[in-house]
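First the structure, in the form of structure tokens, and then the observations on it.
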Amino acid sequence: MTISPYSIPGIVDTTPLDARSIIYLVTDYYQIKERSIYGKSRQIGFCIPRQVAIYIIKKKTNLTSVAIGRLFNRDHSTILHSINVINNYFFTKNESIINAITEIEGRLKMKN
């Protein structure tokens, strides 16, 4: 039997974060309007911030892929794809994306 580190107090911060505050921090970091992150645009200037927001929301909240999909008006499979894209950036050591995520997560810690 494996115990999730999320269930052990003091090991991992178990306080669920608000998805909207994560979106605010991502849009602030990338200097885009909040409505752009919810939009359908596939331009890289909106697509990457959207994927970063989805990745951080999935990582830092208890929301399911379906719930995140509803938030962004997208199918859960699109959410899973976004998470896989960001995971691939970590695998290929894309420094700009890794630095962005690290910076945004640091801002989240300071906010809470």
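Would the stretch 15-22 turn up any residue that is exposed (fewer than 12 other Cβ atoms within 10 Å of the Cβ), of a type outside the set (D, E, K, R) and either without any contact (Cβ under 8 Å) to a residue 12 or more places away in the chain or in contact with a strand residue (DSSP E or B) (Cβ under 6 Å, 6 or more places away or on another chain) (or both)? Working first, answer last.
Our first condition is that a residue be exposed (fewer than 12 other Cβ atoms within 10 Å of the Cβ); within the stretch 15-22, this holds for 15-16, 20.
Of the ones still in play, those that are also of a type outside the set (D, E, K, R) are 15-16.
Cutting the leftovers down to either without any contact (Cβ under 8 Å) to a residue 12 or more places away in the chain or in contact with a strand residue (DSSP E or B) (Cβ under 6 Å, 6 or more places away or on another chain) (or both) gives us none.
Checking the stretch 15-22: not a single residue is exposed (fewer than 12 other Cβ atoms within 10 Å of the Cβ), of a type outside the set (D, E, K, R) and either without any contact (Cβ under 8 Å) to a residue 12 or more places away in the chain or in contact with a strand residue (DSSP E or B) (Cβ under 6 Å, 6 or more places away or on another chain) (or both).
Hey, can you tell me all the residues within the stretch 58-86 that are of a type in the set (A, V, I, L, M) and surrounded by 14 or more Cβ atoms within 10 Å (Cβ to Cβ)?
Keep residues of the stretch 58-86 that are of a type in the set (A, V, I, L, M), which gives 63, 66-68, 71, 79-80, 83, 85-86.
If the condition is that a residue be of a type in the set (A, V, I, L, M) and surrounded by 14 or more Cβ atoms within 10 Å (Cβ to Cβ), then Leu63, Ala67, Ile68, Leu71, Ile79, Leu80, Ile83, Val85, Ile86 are the ones that fit.
Hey, among the residues in the stretch 87-105 that are of a type in the set (Val, Ile, Thr) and in a helix (DSSP H, G or I), which one's surrounded by the most Cβ atoms within 10 Å (Cβ to Cβ)?
Here is the first cut: in the stretch 87-105, the residues of a type in the set (Val, Ile, Thr) are 92, 97-98, 101-102, 104.
This time we only want the ones that are in a helix (DSSP H, G or I), so: 97-98, 101-102, 104.
Working: Ile97: 19, Ile98: 14, Ile101: 19, Thr102: 10, Ile104: 21.
Among those that are of a type in the set (Val, Ile, Thr) and in a helix (DSSP H, G or I), it is Ile104.
Exactly one condition in (1) at pLDDT 95 or above; (2) part of a helix (DSSP H, G or I); (3) closer than 27 Å to Met110 by Cβ is not met by Ile32; state its number.
Tallying (1) at pLDDT 95 or above; (2) part of a helix (DSSP H, G or I); (3) closer than 27 Å to Met110 by Cβ, Ile32 fails exactly one: (2).
Considering only the stretch 39-84, state which residues are in a loop (DSSP other than H, G, I, E, B), over 12 Å from the mean Cα position of the chain (by Cα) and closer than 19 Å to Thr27 by Cβ.
The answer is Gly39, Lys40, Ser41, Arg42, Gln43, Asn73, Arg74.
Pairs needed: first member in the stretch 45-61, touching a residue at least 12 places away in the same chain (Cβ under 8 Å) and at negative phi; second member anywhere, assigned to a loop (DSSP other than H, G, I, E, B) and of a type in the set (Ser, Thr, Tyr); C-beta distance under 9 Å; at least 6 residues apart or different chains.
Matching pairs, first to second residue: Arg50/Ser41; Lys58/Thr64.
Kindly list the number of the only condition in (1) touching a residue at least 60 places away in the same chain (Cβ under 8 Å); (2) crowded, with 17+ Cβ neighbours inside 10 Å that fails for Tyr29.
(2)
Being β-branched (Val, Ile, Thr), closer than 25 Å to Lys111 by Cβ and at pLDDT below 95 is true for just one of Thr27, Thr2, Thr14, Thr92. Which residue is that? Steps first, please.
Values: Thr27 fails: at pLDDT below 95; Thr2 fails: closer than 25 Å to Lys111 by Cβ; Thr92 fails: closer than 25 Å to Lys111 by Cβ.
Residue meeting the stated conditions: Thr14.
The values are calculated or read from the model by the stated rules, or taken from the named source; none is laboratory data. Treat the numbers as computed from the prediction; the structure is a model and nothing was measured. Every residue, glycine among them, receives a Cβ derived from its backbone with ideal geometry; neighbour counts consider all protein chains shown.
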